[in-house]
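Laboratory data are not the source of any read-out in this text; all were calculated from the coordinates shown. None of the values given here were measured: they were computed from a predicted structure. In this analysis, Cβ positions are derived from the backbone assuming ideal geometry, glycine residues included, and neighbour counts consider all displayed protein chains.
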Amino acid sequence: MNILREFFTDPVLFFSFTGLAILLGLCVFYAVFFIKKAAEAEEEQRHSSH
C-alpha cells in the first residue's frame, strides 16, 4: 500500500487525480443529462405531431 500512502502525501498526485475524477464525473453527468433531455424532446415531438 505504498502507492496509496504516496497518493495522500504528494499534493501533485492528489490534486491531479482529484481534478481528473471531478472532470470525469461532470462528463458522465452531462452525457446522461443530454441523452435524457434528447429522449424527452423526441417523445414530446412524437406526441405533438399526431
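How big is the shadow of the Cα convex hull of the chain, averaged over all directions, in nm²? Directional mean of the projected Cα hull area for the chain stands at 4.2 nm².
The charge dipole of the chain, taken about its Cα centre with unit charges on the Cβ atoms of Lys, Arg (+1), Asp and Glu (-1) only, comes to about 60 debye. Based on DSSP H segments of at least four residues, each scored -39500 (n - 2.57), the chain has a per-residue ellipticity at 222 nm of -33000 deg cm²/dmol.
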